[in-house]
Amino acid sequence: MQNSEEIWRLVDAHRTVFEQLSDRIWGMPELAYAEHRSAAEHMDMLKKNGFRVTEKIAGIPTAVMGEAGAGGPVIAILGEYDALPGLSQVAGIAEKREMEPNGHGHGCGHNLLGSAALLAATAVKDYLAANGLPGRVRYYGCPAEEGGAAKGFVVRDGAMADVDIAIGWHPSAFSGVYEPVSLANTRIDFSFAGRASHAAAAPHLGRSALDAVELMNVGVNYMREHMPSDARIHYAYLDAGGIAPNVVQATAKVRYLIRARDLPELQRLIARVRKIADGAALMTETTVTTKVISAVSNLLGNAPLEQAMHANLRRLGPPPFDEADRAFARQIQATLSEEDILSSFRRAGMPYKPDISLCDEIVPADTKGAPMVGSTDIGDVSWVVPLVQARGATYAIGTPGHSWQLTAQGKMPAAHKGLVHVAKVMAGTAVDALTDPALIVRAKEDHKARTDRTPYVCPIPDDVTPPIGMSSPGG
Ligand SMILES: [Zn+2]
């Protein structure tokens, strides 16, 4: 298509400043909902490029939106910039070496994620202006992807209500259209209350909240055999009642993370876990209260947009990695296990090739990889607006997510090439929608068919507000 060359040129024209933006964000790793400097950098960049900026969307201090253009359809491009705890790592070396003891690091590549999305939005803005086209492009700077479910709060607030289509991406080992598979999940805290007592002198007077948590866990672990095999349940003790074994523990608290294929399945599992908690309270003569901490929906695909994005990927070809990029990627691979590398191919649905360290072809359309058993808050966006995502090759094949190896590669020339490449894919897909209204119509029909029978109900209860101030690991 003739539009491709022009939009790619517009991406290239801005590439240096956005590579620098990505490197600056890499150098100031901030955790979920605490991305104050990173959000300010993104806001600055929006203003410098002439976007109309709305701060604190959905009341979240580190969420920002910029819009450009007038009239026409609204295309949203989604970015992130949160980092992870414990993944501080010196850039550009193939050995584990922290920059700061126990410091944070961009072990999921969100420095690239936000910068490429903002670069794509900037190029689309230029395209609209250069061609005098009606249409608006928006960049949504979304905080707290890692366990914060910020996009769910943004969606619940109606901040995307008038968006026609949304486009996103995530750093990956391979370039292709993101296979829309991810699980719905929720985090719920169960707090048990009993009665303290001297454990030796008056054990009969005590009622142990810790016993209740242990019985609840036993009950849930027995339930595992009888739940869908693609569901997942994990738990962590938040409060075991204290450190004194000679006191009957009067309080105890456990956090459950429950994942399921889709929202209805999730609701059924939650109800069963709640019954087990009630049963544990009954057995121990304690009481239990619950609090939903966060929740995300499963991800819906969109066939017309996936086809459009794939066509852009095919026109563009894989990122232009060179021999120096491949050599460093091989050094990173030398720190990985054979299993890491094999499972990277398997997850992408690509046949194993022993000699390649970086992606050298586009993942074919409709490739089925191993299902992604994690969750992402972009799922909620996909329930309210047609959404498509790219996966963009930015690191060595086999690199585990949330690893020091991933942080180490975040400022390499290969990462920059991947950033620019995926910005072209996203901007090209946006231009397709802006120049062909029929694509948006088809995308909306596809979306309606997927959501007609099960309309979206935000899985985050109304009384739950963004956990600003949290800094828990997640994802
Ligand atoms: Zn991520």
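The values are calculated or read from the model by the stated rules, or taken from the named source; none is laboratory data. All of these numbers come straight from a predicted model, not from anything done at the bench. As a convention, Cβ positions derive from the backbone with ideal geometry for all residues, glycine included, and neighbour counts pool all protein chains shown. SASA here: full protein model, heavy atoms, side chains in, ligands and nucleic acids out. Shrake-Rupley method; radii C 1.70, N 1.55, O 1.52, S 1.80 Å.
Answer yes if at least one residue in the range 292-313 is touching a residue at least 12 places away in the same chain (Cβ under 8 Å) and either loosely packed, with under 15 Cβ neighbours inside 10 Å or more than 27 Å from the chain's Cα centre (by Cα) (or both), and no otherwise.
No, the conditions are met nowhere in the range 292-313.
Of all the helices (runs of 4 or more DSSP H) wholly in the range 373-469, which have at least 1 residues that are within 30 Å of Glu98 (Cα to Cα), hydrophobic (A, V, I, L, M, F, W, C) and open to solvent by less than 10 Å² (accessible area, probe 1.4 Å)?
404-408, 413-435
Within the range 245-266, identify whether any single residue is within 28 Å of Gly148 (Cα to Cα), of a type outside the set (D, E, K, R), open to solvent by 80 Å² or more (accessible area, probe 1.4 Å) and at pLDDT 95 or above, and answer yes or no.
no
Check Leu419, Leu439 and return the single one that is of a type in the set (A, V, I, L, M, F, W, C) and within 16 Å of the ligand (Cβ to nearest atom).
Leu419
Scan the range 367-397 for residues that are touching an Asp or Glu at 6+ places or on another chain (Cβ under 9 Å) and at pLDDT below 90 and jot them down.
Within the range 367-397, Thr367, Lys368, Gly369, Pro371, Met372, Val373, Thr376, Asp377 qualify.
Residue check: is Gly219 touching a helix residue (DSSP H, G or I) at 6+ places or on another chain (Cβ under 7 Å), on the phi > 0 side of the Ramachandran plot and either open to solvent by 20 Å² or more (accessible area, probe 1.4 Å) or modelled with pLDDT of 95 or more (or both)?
no
Any residue at all in the range 38-54 that is in contact (Cβ under 8 Å) with a residue 12 or more places away in the chain, loosely packed, with under 15 Cβ neighbours inside 10 Å and in contact with a Pro (Cβ under 9 Å, 6 or more places away or on another chain)?
No: the range 38-54 contains no residue that is in contact (Cβ under 8 Å) with a residue 12 or more places away in the chain, loosely packed, with under 15 Cβ neighbours inside 10 Å and in contact with a Pro (Cβ under 9 Å, 6 or more places away or on another chain).
I'd like the full set of residues that are within 24 Å of Leu183 (Cα to Cα) and more than 16 Å from the ligand (Cβ to nearest atom), limited to the range 108-156.
Result: Phe153, Val154, Val155, Arg156.
All but one of (1) open to solvent by less than 40 Å² (accessible area, probe 1.4 Å); (2) at pLDDT below 95 hold for Arg346; which doesn't?
(1)
As an exercise: evaluate Asp230 against (1) among the charged types (D, E, K, R); (2) open to solvent by less than 70 Å² (accessible area, probe 1.4 Å); (3) free of Cβ contacts under 8 Å to residues at least 60 places away in the same chain and give the number of the one condition it does not meet.
Status for Asp230: all satisfied but (3).
Cβ-Cβ under 8 Å, sequence separation 6+ or interchain: first residue in the range 400-416 and in contact (Cβ under 8 Å) with a residue 40 or more places away in the chain, partner away from the ligand (no atom under 16 Å from the Cβ) and among the β-branched types (Val, Ile, Thr). Which pairs?
Between residues of the range 400-416 that are in contact (Cβ under 8 Å) with a residue 40 or more places away in the chain and residues that are away from the ligand (no atom under 16 Å from the Cβ) and among the β-branched types (Val, Ile, Thr), the close pairs are Gln405/Ile332; Gln405/Thr335; Ala408/Val90; Ala408/Ile93; Ala408/Ile332; Gln409/Ile332.
Just need a number here: residues in the range 168-198 that are away from the ligand (no atom under 16 Å from the Cβ) and in a strand (DSSP E or B). Before you say what the answer is, go through the steps one by one.
Restricting attention to the range 168-198, the residues satisfying the condition of being away from the ligand (no atom under 16 Å from the Cβ) are 175-177, 184, 186-198.
Filter once more, keeping what is in a strand (DSSP E or B): 175-177, 184, 186-193, 195, 198.
Of the residues in the range 168-198, 14 are away from the ligand (no atom under 16 Å from the Cβ) and in a strand (DSSP E or B).
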